[in-house]
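*Asks:* Just passing along the structure, written as structure tokens.
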Amino acid sequence: MQPADPTSARQEGDIVLAALAQANGQYKLRPVLLLRQMPGYGDFLTCGFSSQLNQLIPGFGELVQPDPANGLRVVSVIRLEFLYLLPSGRIQGFVGCIPDAVLDSLKHRLADHLIFV
């Protein structure tokens, strides 16, 4: 997947910034991956990132190296277990995108977990 134009409409596979609630109740701007656009209002099912590599759940999450396409600054974990429904109007910035193959793999892992576990 080629990096999207930062001013264009967002699409599945994009990494964007959104204000997410923290454990202390405050909001912090965090990167999230747009997994799937939901029907109806155009909200996105997203999952979070972490630079704490010990949060990787082998066989479920994904370890990602920073590169120009994804815009990440450090090695990060895509936390497929950290899901959030994000209204499209709450997207506050564009970071980058992940390859289609990685996005498809994450979607299949999530679907398998929901159906077969």
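*Asks:* From the list Ile57, Ile15, which residue is over 17 Å from Ala101 (Cα atoms) and not basic (Lys, Arg)? Spell out the reasoning first.
*Replies:* On the way: Ile15 fails: over 17 Å from Ala101 (Cα atoms).
Exactly one residue qualifies, and that residue is Ile57.
*Asks:* Within the range 92-114, count every residue that is buried (at least 19 other Cβ atoms within 10 Å of the Cβ) and in contact with a strand residue (DSSP E or B) (Cβ under 7 Å, 6 or more places away or on another chain).
*Replies:* Total satisfying the criteria: 4.
*Asks:* Contact list please: Cβ distance under 9 Å, first residue in the range 71-100 and touching a residue at least 60 places away in the same chain (Cβ under 8 Å) and more than 25 Å from Pro58 (Cβ to Cβ), second residue part of a strand (DSSP E or B) and among the hydroxyl-bearing types (Ser, Thr, Tyr), pairs at least six apart or on different chains.
*Replies:* Sorted first by the residue in the range 71-100, then by its partner, the pairs are Leu86/Thr46.
*Asks:* Please state which one of Asp67, Asp43 is modelled with pLDDT of 95 or more, acidic (Asp, Glu), touching a Ser or Thr at 6+ places or on another chain (Cβ under 9 Å) and farther than 17 Å from Ala111 by Cβ. Walk me through it before giving the result.
*Replies:* Values: Asp67 fails: touching a Ser or Thr at 6+ places or on another chain (Cβ under 9 Å).
Result: Asp43 is the single residue among Asp67, Asp43 that is modelled with pLDDT of 95 or more, acidic (Asp, Glu), touching a Ser or Thr at 6+ places or on another chain (Cβ under 9 Å) and farther than 17 Å from Ala111 by Cβ.
*Asks:* For residues that are surrounded by 12 or more Cβ atoms within 10 Å (Cβ to Cβ) and within 11 Å of Pro31 (Cβ to Cβ), tally how many sit in the range 52-78.
*Replies:* The total comes to 6.
The values are calculated or read from the model by the stated rules, or taken from the named source; none is laboratory data. For clarity, every value in this text was computed on a predicted model and none was experimentally measured. Quick reminder, even Gly has a Cβ in these numbers, built from the backbone with ideal geometry, and neighbours come from all protein chains shown.
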